[in-house]
Amino acid sequence: MDLSDPSPMVNGEQMRRFVGRKIRTVLRVVRVDPGVITAQTCDNATVTVRAVARSPWDDSQFVEVIGVPENDTTIREESSTAFGTTSVSLVLVPTCSLAGRWKIR
């Protein structure tokens, strides 16, 4: 684990405070277009991600993104980790549900 360049975990509401600084966030994928992904944060904010080549977006419902917000609704992706459709449901969605956000289906 590299701790030399930490990045805070943020939701949609917090993202505006980190414009221009590296962040990480977990997103629910809504739509995938070439190079641009529309997604939803756990507090139901809609964000656009400018994706890098070979991102794992096509086959995953949930993705963690590390990137730099260009504004309060757009993230320039540096890297991402796909959680698929089930593993995030077992770990992260219940956490967001406790905050009154994503609901477990």
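The condition (being open to solvent by less than 60 Å² (accessible area, probe 1.4 Å), modelled with pLDDT of 85 or more, touching a Ser or Thr at 6+ places or on another chain (Cβ under 6 Å) and under 21 Å from residue 15 (Cα atoms)) is satisfied by just one residue among 64, 77: 64. Of all residues in segment 28-55, those being open to solvent by less than 40 Å² (accessible area, probe 1.4 Å), hydrophobic (A, V, I, L, M, F, W, C) and out of contact with any Leu (no Cβ under 9 Å at 6 or more places or on another chain) number 3. For segment 56-85, taking the residues that are assigned to a strand (DSSP E or B) and among the polar types (S, T, N, Q), the one that is farthest from residue 42 (Cα to Cα) is identified as 79. Identify, by number, the condition in (1) more than 12 Å from the chain's Cα centre (by Cα); (2) among the small types (Gly, Ala, Ser); (3) modelled with pLDDT of 90 or more that residue 53 doesn't meet. Here residue 53 clears every test but (3). Evaluated against (1) open to solvent by 50 Å² or more (accessible area, probe 1.4 Å); (2) free of Cβ contacts under 8 Å to residues at least 24 places away in the same chain, residue 20 falls short on exactly one condition, (2).
Scanning segment 1-28 for residues that are among the hydrophobic types (A, V, I, L, M, F, W, C) and modelled with pLDDT under 90 returns 1, 3.
The values are calculated or read from the model by the stated rules, or taken from the named source; none is laboratory data. Please read these numbers as outputs of a predicted model, since none were measured by experiment. Positions of Cβ are generated from backbone atoms using ideal geometry, with glycine treated the same way; all protein chains shown enter the neighbour counts. Heads up: the accessible areas ignore ligands, DNA and RNA and are worked out on the full protein's heavy atoms, side chains in. Shrake-Rupley method; radii C 1.70, N 1.55, O 1.52, S 1.80 Å.
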